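Here the structure comes first, spelled out in structure tokens, and everything after it is commentary.
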Amino acid sequence: MLNPGIRLLAGMRMPQKMLLIAVIFMLPIAYLLFVYERNLTAQIEFASLEVDGARQVEPARRIIQSMQLHRGLSQLALAGNADARAKLVEVKDRIGAGFDDLGKVTADLDERLKSREAATGLRNDWQSLAARSEGLSAAESFREHTAAIERLQDFILLTADRSNMTLDPDLETFYLVDAFATKI
């Protein structure tokens, strides 16, 4: 059974035998290096997508904070507070700037996260609400602001799902991302 191998080695000189042994040992090492490189590339791509998701979540979170402030100031303005009415313009501008930032990031990342349409819909919803917010009752204003904020929170969850943030295999990182995207 071993006769062909013995005959092959018997006909070789020592340097040829050493080269054959080296090649035989290099094949599994080369395979392991190939598998390791593929695994590292997949991990880098996964992390890159998570970073892109965090880039998109950040302006959406700022918009939510500004919308919450706008909701509160709207309640005060509808109750007759003149200072609140004056601050509403500044907060509206801040929300508009936040949507501009979100639009830029979304345009950059749309190929990977496919969220431009959702971001555009959120902007249109906000513009509609902002245009008619002064004519709403206090209860309607609160309800519509809250609905707009919830849609933005849903957008953050959509982004977290599409960017693999919610699929992180490390338990500690998963809970950190979960808190970042849904709880805080």
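The values are calculated or read from the model by the stated rules, or taken from the named source; none is laboratory data. Since we're looking at a predicted model, the values are computed, not measured. Counting neighbours? That spans all protein chains shown, and the Cβs are built from the backbone with ideal geometry, glycine included.
State whether the residues of the range 122-139 include one that is in contact (Cβ under 8 Å) with a residue 12 or more places away in the chain and within 18 Å of the chain's Cα centre (by Cα). Yes, because at least one residue in the range 122-139 is in contact (Cβ under 8 Å) with a residue 12 or more places away in the chain and within 18 Å of the chain's Cα centre (by Cα).
Of all residues in the range 144-184, those satisfying the criterion of being more than 12 Å from the chain's Cα centre (by Cα) and of a type in the set (S, T, N, Q) are THR146, GLN153, THR173, THR182. Here is the figure for the range 73-87: residues that are assigned to a helix (DSSP H, G or I), modelled with pLDDT under 90 and surrounded by fewer than 11 Cβ atoms within 10 Å (Cβ to Cβ) total 1.
Does SER48 meet the test of being without any contact (Cβ under 8 Å) to a residue 12 or more places away in the chain, assigned to a helix (DSSP H, G or I) and polar (S, T, N, Q)?
yes
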